[in-house]
Amino acid sequence: MTAAWKAAGLTYNRFLAVSARAIRRSLKEDKRIVAERRATSELRFATWKNGKAGETRDLNAANNAAIAENASS
């Protein structure tokens, strides 16, 4: 049996990000603020094509853009 996140077309990392966001939003205000501060990251990535690195992008911004894109479809 296929996992629900895989059947929905999500990667495991994207599934974890969406799940974590849903859990943080369900917390009470004081605990939610603390959890949201922990959720920030400073990770950056680049997509490689033909042996050359592409544009370096912030991981959080890329995730938010992908989530917004998937929510509209």
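Read the figures in this text as sums done on the coordinates, not as results from a lab. This one's a predicted model, so the numbers in the text were calculated from it and none came from an experiment. All Cβ positions, even for glycine, are placed from backbone atoms using ideal geometry, and neighbour counts span all protein chains on display.
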Estimated 222 nm signal from helices in the chain, with DSSP H stretches of n ≥ 4 weighted -39500 (n - 2.57), rounded to 500: -18000 deg cm²/dmol
Summed residue charge, Cβ within 14 Å of Thr47's Cβ, Lys/Arg positive, Asp/Glu negative: +2
Residues of type lysines that Lys31 reaches as a straight line, Cα spacing below 26 Å, ignoring anything fewer than 8 places off in the same chain: none
Label-point gap, in nm, between Ala62 and Asn13 - each point 7 angstrom along Cα→Cβ: 0.6 nm
Identified option (computed volume of the Cα convex hull per residue in Å³; candidates (i) 191; (ii) 130; (iii) 97): (ii)
